[in-house]
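Worksheet: the structure to be examined is printed underneath.
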Amino acid sequence: RSVFNPDATKDVQLYKGGIPPRYGGRLSSILDVRLKEGNAKKFTAQGGIGTIFSRLSVEAPIVKDKASFIVAGRRSYIDILAQPFSEVLEDTELNFYDLTMKANYKVNDNNQVFLSGYFGRDNFGFGDQAGFNWGNQTATARWNHLFSDRLFSNITAYYSNYDYQIDFGDSGEDAFDWNAKIINYSVKPELAYYINPDNVIRF
């Protein structure tokens, strides 16, 4: 499965070479994914039920034409469906789930604020004997400010946490438990100046 929920995705752009400097130093490629901002006029919901996982997304205005949100989630359940048919799978955990959220608020014609978050996890567990899992958590706050018809800025603050765990053995010297994580905090100010419709300076 893709880590990006298609119900919450507005646009995807892949850079395989000639990566713009605003993305920082990268060795191979960049996948730029933009989320929907939520329906600012009315409540909408969509979803689906499948044999492996189900999904549901909800979007609605908080203040009509001024603030809105979208929440989209997915959950697999192959372990739940298979448990009644096999004693081997009785204590087995084989699933993934994720939750994507975004909200935006238009303060005025020159200022807009965005909040977004993602939480996802993959679990493979076999009772107390062995298991491994990994997941990502992110949170982002962005302030978009328009200085003039040609100059605008985006100031973004974000947090990300990738972690994973491996364990086997239930007690004593046979037990092994490994936990690791990579946590990032950052603030990123960006400005764009449009000289004309064909030329823009980003800094």
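Scan the stretch 55-77 for residues that are under 18 Å from residue 3 (Cα atoms) and either surrounded by 15 or more Cβ atoms within 10 Å (Cβ to Cβ) or without any contact (Cβ under 8 Å) to a residue 12 or more places away in the chain (or both) and jot them down.
Residues satisfying the conditions are 55, 56, 57, 70, 71, 72, 73, 74, 76, 77.
I'm checking my understanding of the structure. Among residues of the stretch 27-38 that are surrounded by 10 or more Cβ atoms within 10 Å (Cβ to Cβ) and without any contact (Cβ under 8 Å) to a residue 60 or more places away in the chain, which one is nearest to residue 61 (Cα to Cα)?
Result: 34.
Looking only at the stretch 1-17, filter to residues that are open to solvent by 90 Å² or more (accessible area, probe 1.4 Å) and outside any strand (DSSP E or B); which one of those is farthest from residue 117 (Cα to Cα)?
Filtering first and then ranking leaves 16.
When residue 136 is evaluated against the numbered criteria (1) without any contact (Cβ under 8 Å) to a residue 40 or more places away in the chain; (2) under 25 Å from residue 55 (Cα atoms); (3) open to solvent by less than 70 Å² (accessible area, probe 1.4 Å), which criterion, by number, is the only one it fails?
(1)
State which residue is nearest to residue 146 (Cα to Cα) when the search covers only the stretch 158-203 and only residues that are in a loop (DSSP other than H, G, I, E, B) and of a type outside the set (Asp, Glu).
Filtering first and then ranking leaves 203.
Select from the stretch 149-203 the residues that are touching a residue at least 40 places away in the same chain (Cβ under 8 Å) and of a type in the set (A, V, I, L, M, F, W, C) and write down the one among them that is farthest from residue 139 (Cα to Cα).
Only one residue fits best here, namely 195.
Return the only residue of 96, 43 being loosely packed, with under 13 Cβ neighbours inside 10 Å, over 30 Å from residue 196 (Cα atoms), under 24 Å from the mean Cα position of the chain (by Cα) and among the hydrophobic types (A, V, I, L, M, F, W, C).
43
Restricting the stretch 141-189 to residues that are more than 30 Å from residue 109 (Cβ to Cβ) and in contact with a Ser or Thr (Cβ under 6 Å, 6 or more places away or on another chain), which is surrounded by the most Cβ atoms within 10 Å (Cβ to Cβ)?
Among those residues, the one meeting the criterion is 160.
Go through the stretch 190-202 and give me each residue that's open to solvent by less than 70 Å² (accessible area, probe 1.4 Å) and closer than 17 Å to residue 24 by Cβ.
The initial filter retains those residues of the stretch 190-202 that are open to solvent by less than 70 Å² (accessible area, probe 1.4 Å), namely 190-192, 196, 200.
Those that are open to solvent by less than 70 Å² (accessible area, probe 1.4 Å) and closer than 17 Å to residue 24 by Cβ: 190, 191, 192.
I need a count of the residues in the stretch 39-54 that are touching a residue at least 12 places away in the same chain (Cβ under 8 Å) and outside any strand (DSSP E or B).
So the count comes out to 6.
The values are calculated or read from the model by the stated rules, or taken from the named source; none is laboratory data. Because the structure is a prediction, the values reported are computed rather than measured. So basically every Cβ, Gly included, is an ideal-geometry build from the backbone, and we count neighbours across all protein chains shown. Side chains are part of the model used for accessible areas, which takes the heavy atoms of the whole protein and leaves out ligands, DNA and RNA. Shrake-Rupley method; radii C 1.70, N 1.55, O 1.52, S 1.80 Å.
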